[in-house]
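Peer 1: If you scroll down you'll find the structure; I have some questions about it.
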Amino acid sequence: MKVIIHRGTHQIGGCITEIESNKGTKIAIDIGKNLPSINEKEEDKIEVEGLSVGVPDFKAIFVTHYHGDHIGLYNKINPKIPIYMGEISYQIFKILQNRLLQAKIISDEDIKTIENFKTFKVKEKIKIDDITITPFQVDHSAFDAYMFLVECDGKRLLHTGDFRTHGQRGKAVIPTLEKYVKNVDCLICEGTTLSRKKEVPMTEFELQKEAEKIFKENKNNFIMCSSTKIDRIATIHKASISAHKLFVCDEYQKEILKYVDSISRSYLYKFNRNVYSYDKNLDNIMNKNGFVMLVRDNYLSKNILNKYPNNKFIYSQWEGYLNPKFTLYKHMQEFVPKEHIYLHTSGHADYMSIKNVCETVKPKIIIPIHGENPEAFEEMRTKRINNKNIK
Ligand SMILES: [Zn+2]
Ligand SMILES: [Zn+2]
């Protein structure tokens with residue numbers, strides 16, 4: 001088994017991992033676009049022979065989840081190479097991409113590419129010639145996100161993708177690894193938070209309690225978060241119910257929540273009965289009873305915000321977007337009021353969770369990915385390497 005990290009060992013996002021069996025079968029895990037970073041405007045060009053340039057020789061691409069820094073280069077890949085995603089993740093990705101098509105951000109050609117994606121089921125083994133891939137669902141800010149166990153040449157490799165253990169599904173991560181993965185030869189592990197100090201993140205449940213308090217104290221509440229951050233939206237939804245507030249969003253957001261509700265058996269994701277999509281007929285009841293409304297950085301949200309000048313605005317996504325050094329700073333200033341409450345918790349594993357994963361799967365080697373401080377893995381007391389032949 002041979003592993004090459006084309007990108008991602010010293011940066012957050014934009015990850016592409018190549019795995020090749022001794023027989024020459026090649027697959028890739030994730031085809032991520034670089035995250036928009038500080039003062040960076042150039043187009044993201046990644047040239048991987050056999051994947052995005054030259055004669056295609058990758059047999060398949062497996063995508064851990066629908067965040068752009070893991071799937072954003074799907075339209076740069078040779079169309080002969082099949083792209084696999086989790087079934088639910090794929091449906092949410094399609095709703096989002098159709099929205100981007102309407103806004104002319106992507107093309108009809110891109111949608112055709114997406115229509116050809118293949119999907120996999122939780123824990124269902126997929127054989128690509130002599131390589132076997134098993135997907136395990138994990139806790140992350142993207143819904144239906146996966147780790148992959150890759151087996152070939154008698155070796156076992158675990159690719160964590162992005163994960164955390166402090167969200168609604170977090171408790172299942174370690175027991176799943178204990179039951180199905182255990183000892184691996186190689187662990188490719190995300191280390192997003194390892195460049196920050198070792199702080200213990202707020203759990204989604206703690207965030208829910210905090211949001212509940214704010215909603216009870218304030219009549220009109222706007223909360224900004226990504227439309228596909230389903231677990232956060234579930235947290236806010238539960239807090240809004242406890243505070244007896246009307247839960248409002250736009251039609252597109254409602255379509256996503258309706259889909260999640262339809263495929264989920266968990267009470268956490270039962271949105272549909274009490275989610276209202278905004279139109280001006282709702283103003284009467286919003287004015288009378290107060291509300292919690294999901295908003296994003298667009299003019300529809302801004303217009304509604306202007307109608308309710310007496311409001312609490314909660315910012316519930318990455319703080320970096322509000323940094324003056326960041327390319328999106330000016331844009332965000334237009335939509336995020338100076339007076340806002342910051343209420344957010346990371347979608348990524350903290351130090352102890354990563355350490356727990358290492359101790360559970362006991363890798364012979366660790367390849368750090370999706371982080372700016374790979375050296376931090378040294379402390380996990382296991383050998384760290386970069387690209388490597390696993391013998
Ligand atoms: Zn990521
Ligand atoms: Zn992610």
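The values are calculated or read from the model by the stated rules, or taken from the named source; none is laboratory data. What you see is a predicted model; the values in this text were computed from it and never measured. Note that each Cβ is placed from the backbone with ideal geometry, even for glycine, and that neighbours are counted across all protein chains shown.
Peer 1: From the list T9, T17, exactly one residue is closer than 18 Å to Y146 by Cα, among the polar types (S, T, N, Q) and either in the same structural domain as L149 (by TED's automatic domain parsing) or outside any strand (DSSP E or B) (or both). Which is it?
Peer 2: Testing whether each residue is closer than 18 Å to Y146 by Cα, among the polar types (S, T, N, Q) and either in the same structural domain as L149 (by TED's automatic domain parsing) or outside any strand (DSSP E or B) (or both) leaves just T17.
Peer 1: For residues that are in a loop (DSSP other than H, G, I, E, B) and within 16 Å of ligand 2 (Cβ to nearest atom), scanning just segment 332-370, find the one that is nearest to F215 (Cα to Cα).
Peer 2: Filtering segment 332-370 for residues that are in a loop (DSSP other than H, G, I, E, B) and within 16 Å of ligand 2 (Cβ to nearest atom), the one nearest to F215 (Cα to Cα) comes out as H344.
Peer 1: Related question: State yes or no: is Y66 at pLDDT 95 or above and not in a loop (DSSP other than H, G, I, E, B)?
Peer 2: Judged against the criteria, Y66 is not a match.
Peer 1: Tell me, yes or no, whether segment 79-102 has at least one residue that is surrounded by fewer than 16 Cβ atoms within 10 Å (Cβ to Cβ), under 20 Å from the mean Cα position of the chain (by Cα) and not aliphatic (A, V, I, L, M).
Peer 2: The answer is yes, given that some residue of segment 79-102 is surrounded by fewer than 16 Cβ atoms within 10 Å (Cβ to Cβ), under 20 Å from the mean Cα position of the chain (by Cα) and not aliphatic (A, V, I, L, M).
Conditions (1) acidic (D, E); (2) surrounded by fewer than 20 Cβ atoms within 10 Å (Cβ to Cβ); (3) closer than 19 Å to A145 by Cβ, marked per residue:
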site: S195; (1), (2), (3): no, yes, no
site: P201; (1), (2), (3): no, no, yes
site: A211; (1), (2), (3): no, no, no
site: F215; (1), (2), (3): no, no, no
site: D231; (1), (2), (3): yes, no, yes
site: I236; (1), (2), (3): no, no, no
site: S242; (1), (2), (3): no, yes, no
site: K245; (1), (2), (3): no, no, no
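Peer 1: Could you identify the single residue in I71, I88 that is of a type in the set (A, V, I, L, M, F, W, C) and either within 16 Å of ligand 1 (Cβ to nearest atom) or within 17 Å of G14 (Cα to Cα) (or both)?
Peer 2: Testing whether each residue is of a type in the set (A, V, I, L, M, F, W, C) and either within 16 Å of ligand 1 (Cβ to nearest atom) or within 17 Å of G14 (Cα to Cα) (or both) leaves just I71.
Peer 1: Now for a separate question. Out of segment 333-357, which residues are under 11 Å from Q317 (Cβ atoms) and of a type outside the set (S, T, N, Q)?
Peer 2: V336, Y342, L343, H344, G347
Peer 1: In the same structural domain as P374 (by TED's automatic domain parsing) and touching a residue at least 60 places away in the same chain (Cβ under 8 Å), is that true of I29?
Peer 2: So I29 fits the description; yes.
Peer 1: Counting just the residues of segment 141-184 that are aliphatic (A, V, I, L, M) and under 24 Å from D129 (Cα atoms), which one comes out nearest to ligand 2 (Cβ to nearest atom)?
Peer 2: M147
Peer 1: Here is a follow-up. Report yes if A243 is more than 21 Å from N284 (Cα to Cα) and in the same structural domain as F335 (by TED's automatic domain parsing), otherwise no.
Peer 2: no
Peer 1: Return the residues of segment 140-173 that are within 16 Å of ligand 1 (Cβ to nearest atom) and on the phi > 0 side of the Ramachandran plot; say none if nothing qualifies.
Peer 2: D144, G161
Peer 1: Same structure, new question: Report every pair of residues separated by at least 6 positions or lying on different chains whose Cβ atoms are under 6 Å apart, first residue within segment 102-128 and in contact (Cβ under 8 Å) with a residue 12 or more places away in the chain and under 15 Å from I88 (Cα atoms), second aliphatic (A, V, I, L, M) and assigned to a strand (DSSP E or B).
Peer 2: Taking only residues 6 or more apart or on different chains, the pairs are F117/I83; F117/M85; T119/M85; F120/I126.
Peer 1: I'd like the residue in segment 293-314 that is outside any loop (DSSP other than H, G, I, E, B) and among the charged types (D, E, K, R) and, out of all such residues, is surrounded by the most Cβ atoms within 10 Å (Cβ to Cβ).
Peer 2: K312
Peer 1: Keeping to segment 71-87, report how many residues are assigned to a helix (DSSP H, G or I) and either closer than 24 Å to Q137 by Cβ or outside the structural domain of N34 (by TED's automatic domain parsing) (or both).
Peer 2: Total satisfying the criteria: 3.
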